[in-house]
Each structure stands twice: as structure tokens, then as C-alpha cells.
Amino acid sequence: MVTVTGKFRVTIPGKVRNDLGVNIGDEIVFLRTVSGEYQVMKASELVKQFCEESREIEQTVKEIRAGLGKAMAENANSS
């Protein structure tokens, strides 16, 4: 448990800092989940996750396009 100061600051407990890998100067973000809870993570981790998910989305789009192209070619050949 931490206490919020008069300037709305908190000290991140050592175990939490270690678990998150937070160091002096790191930026952290507070993300609201679908369930309404908040998740705390380093901003660099958020960017890393976003990039990884973007690659997965890009690959999925490529697969869909390839499948559509194949289906259109098969449809044209059967006409």
C-alpha cells in the first residue's frame, strides 16, 4: 500500500519497481482495461507491445489479402 501525497505523488514500492523493471527516469503509463481496472507499465513496454501487435495485424492482413486474391483467381478461372 502507498500513500498519495498532497501533490498526488506516490512512491513505487521496491518490489513493484523490480517486478516492472522501473528505473530512475523511466516513464510509466496507467492503462484502463476493458473491465475498468488500471494496469501500470513502463511506456517502453507499451510501445514494444504495440509494435509486436502491429506486426501480427500486418501479417493477418497479408494473409487475408492473399486468400482473397487466390479466391478471386479461382473464381475467374471457373467462369
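None of the figures in this text is laboratory data; all of them are computed from the coordinates on show. Just so it is clear, the structure is predicted and the values come from calculations on it, not from any experiment. Positions of Cβ are backbone-derived with ideal geometry, glycine not excepted, and every protein chain shown enters the neighbour counts.
Points to keep in mind about this one:
- Of interest is the spacing of the C-alpha centroids, which for region 10-60 and region 61-79 amounts to 39 Å.
- Counting only Cβ charges, +1 for Lys and Arg and -1 for Asp and Glu, the dipole size of the chain around its Cα centre is about 320 debye.
- Ranking G67, V47, S78 by how far each Cα lies toward the positive end of the dipole of the chain (charges on Cβ) leaves V47 at the top.
- For the chain: Kirkwood Rh in Å [reciprocal of mean 1/r, alpha carbons]: 16.7
- Axis angle, to the nearest 10 degrees, between helix 43-78 and the longest C-alpha principal axis of the chain: 10 degrees.
- A Förster radius of 25 Å, combined with the Cβ-Cβ distance separating A71 from C51, puts the computed FRET efficiency at roughly 0.25.
- Mean separation of Cα contacts under 8 Å (6+ apart) over length of the chain, as relative contact order %: 15
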